[in-house]
Amino acid sequence: MSRIKEFTLPDLGEGLTEGEILAWLVKVGDTIELNQPIVEVETAKAAVEIPAKWGGVVTRIFHEAGTMVEVGAPIISIDTDPGAGPVPSAESLAAVEVAPEEGAVEPGMIGGPAPGGRTAVLVGYGPKTTSAKRRPRIGTPTGTPTAAPGTPPPAATAGGAPGPVAQPAPVAPPPQVAPPAPVTPAAPVAPPASAATVAPAASAGAVASAAPARAGVAGPVLAKPPVRKLARDLGVDLTTVVGTGPLGSVTRDDLQKAAAAPTETPVTETVATRAAAAVFDASREQRIPIKGVRKLTAENMVASAFTAPHVTEFLTVDVTRTMKSLERLKARPEFRDVRISPLLFVAKAVLLAAKRHPMVNSTWSGATNEIVVKDFVNLGIAAATERGLIVPNIKDAGRLTLRELADALTTLVQTAKSGKTPPSDMSGGTFSITNVGVFGIDTGTPILPPGEAAILAFGAIRPTPWVHKEKIKIRQVTTLGLSFDHRIVDGELGSKFLRDIGGFLTDPEAALLSWT
């Protein structure tokens with residue numbers, strides 16, 4: 001059995017076919033133990049850490065972080081018996097030649113194996129052990145005849161003396177080129193000027209063209225050091241000044257005139273220049289791959305939006321007593337070490353209202369033409385994470401006490417923010433709550449998660465003028481939004497369900513006493 005085992009990407013549940021490698025927790029050469037986390041993989045559900053199936057030494061990592069890998073593809077290889085010595089490489093195994101059983105030659109005989117792994121050959125007929133030396137080219141500048149192209153080199157005799165050399169084939173002489181016809185000058189040509197005459201003329205030409213070149217902001221600028229210092233003090237760019245001094249140099253007067261000249265640019269010219277310089281291409285775009293949680297969320301939302309007929313109702317509720325009950329609850333000894341928020345009371349209200357109206361906690365089965373009513377509530381809580389929106393759920397939340405429900409909500413939120421929510425916690429939901437109030441939003445029209453009949457949007461709680469006991473007072477007010485599948489929940493059922501949630505939040509203590 002091979003000691004090198006390849007670990008493939010496992011099926012992480014619910015028919016997922018691929019995953020993205022987020023980070024490797026080990027590297028090549030590391031010694032790992034059985035069930036030690038080795039890699040973090042993000043699927044369409046969540047990010048999970050995968051443990052090792054064997055202990056040993058990591059010999060190869062097949063895919064770098066950020067790569068999408070199909071389920072069943074190898075991702076890492078592990079040497080499960082590192083104490084057995086080094087693993088032979090593929091190159092060394094390929095270099096080993098096995099002698100054939102039939103027709104084998106006796107060792108030491110001609111053509112057979114020799115000591116040291118070589119093949120026995122006749123003296124003088126074996127492979128050369130010295131490097132070949134190039135013969136000097138035939139033909140030198142002194143007029144030595146040159147061999148024709150393709151002529152083989154002279155053969156050597158057994159004694160090392162050169163043998164007779166074949167005469168090269170005669171080379172055809174190059175074609176004769178006719179001499180150029182004599183040119184008759186049309187006019188007498190002036191004698192060439194001397195070097196002393198050409199140099200001043202060239203200098204004069206350079207000086208004559210220096211000023212126009214500097215006017216076009218090209219070439220060096222002639223200026224004395226005091227003039228350059230004055231330009232820095234005045235903030236004048238020397239390349240924009242036309243010099244009037246000797247050889248086109250810039251003088252102090254030139255700088256003073258340039259500093260006094262107006263430098264304002266017309267507004268229309270500036271706007272036109274900026275518009276012409278603006279670039280609208282891929283360099284100013286950002287492309288985000290659609291994968292993982294975001295891809296699955298998009299597919300589910302599209303499927304839900306165009307499958308279930310959505311209806312949304314709204315209810316504005318005075319939750320002043322809920323906020324006071326929350327403060328009293330925080331002061332109780334059994335809740336001092338628990339992080340609680342108004343979401344705890346909203347979740348409890350949903351669970352109690354679902355007992356009164358069980359059809360809200362159901363699903364539409366098109367395969368069997370049935371409405372499946374659930375006797376348990378897997379309460380989903382929408383959570384925004386760096387990888388996208390996920391909706392983990394609390395299993396059988398209706399059976400939990402208020403303290404147990406608070407603990408479950410705290411654990412659910414912390415796990416979701418860390419990106420460690422397992423796929424099992426995001427499947428099987430029956431009713432969901434989305435708390436848009438944490439973003440300062442009053443309410444919304446949420447889309448149903450696939451397979452659920454209703455979802456509740458919980459908006460921000462704000463101090464609002466409110467009629468209380470026939471007087472206008474400042475009360476804590478929020479708005480609830482309930483979206484439901486109109487194939488299962490009609491307007492009457494949805495309205496009663498939302499009314500009961502609002503009634504609980506208006507006076508939670510009275511509802512707990514009368515409903516339970």
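With respect to the conditions (1) under 30 Å from Leu22 (Cβ atoms); (2) part of a helix (DSSP H, G or I), Thr421 falls short on a single one, namely (2).
Per-residue answers, yes or no, for (1) charged (D, E, K, R); (2) closer than 18 Å to Ala383 by Cα; (3) modelled with pLDDT of 95 or more:
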{"position": "Ser432", "(1), (2), (3)": "no, yes, yes"}
{"position": "Phe439", "(1), (2), (3)": "no, yes, no"}
{"position": "Pro446", "(1), (2), (3)": "no, yes, no"}
{"position": "Pro449", "(1), (2), (3)": "no, yes, no"}
{"position": "Leu456", "(1), (2), (3)": "no, yes, yes"}
{"position": "Ile461", "(1), (2), (3)": "no, no, yes"}
{"position": "Trp466", "(1), (2), (3)": "no, no, yes"}
{"position": "Ile472", "(1), (2), (3)": "no, no, yes"}
{"position": "Thr478", "(1), (2), (3)": "no, no, yes"}
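Please go through the stretch 330-340 and pick out each residue that is in contact (Cβ under 8 Å) with a residue 12 or more places away in the chain and either outside any loop (DSSP other than H, G, I, E, B) or of a type outside the set (D, E, K, R) (or both). The answer is Glu334, Phe335, Val338, Ile340. Of the residues that make up the stretch 359-374, is at least one within 30 Å of Glu42 (Cβ to Cβ), β-branched (Val, Ile, Thr), assigned by TED's automatic domain parsing to the domain that holds Thr307 and buried (at least 19 other Cβ atoms within 10 Å of the Cβ)? Scanning the stretch 359-374, I find no residue that is within 30 Å of Glu42 (Cβ to Cβ), β-branched (Val, Ile, Thr), assigned by TED's automatic domain parsing to the domain that holds Thr307 and buried (at least 19 other Cβ atoms within 10 Å of the Cβ), so the answer is no.
Of everything in the stretch 398-415 that is touching an Asp or Glu at 6+ places or on another chain (Cβ under 9 Å) and under 28 Å from Glu299 (Cβ atoms), the residue that is surrounded by the fewest Cβ atoms within 10 Å (Cβ to Cβ) is Thr415.
The values are calculated or read from the model by the stated rules, or taken from the named source; none is laboratory data. Given the structure is predicted, the values throughout are model-derived calculations rather than measurements. Virtual Cβ from ideal backbone geometry, glycine too; neighbours counted across all protein chains shown.
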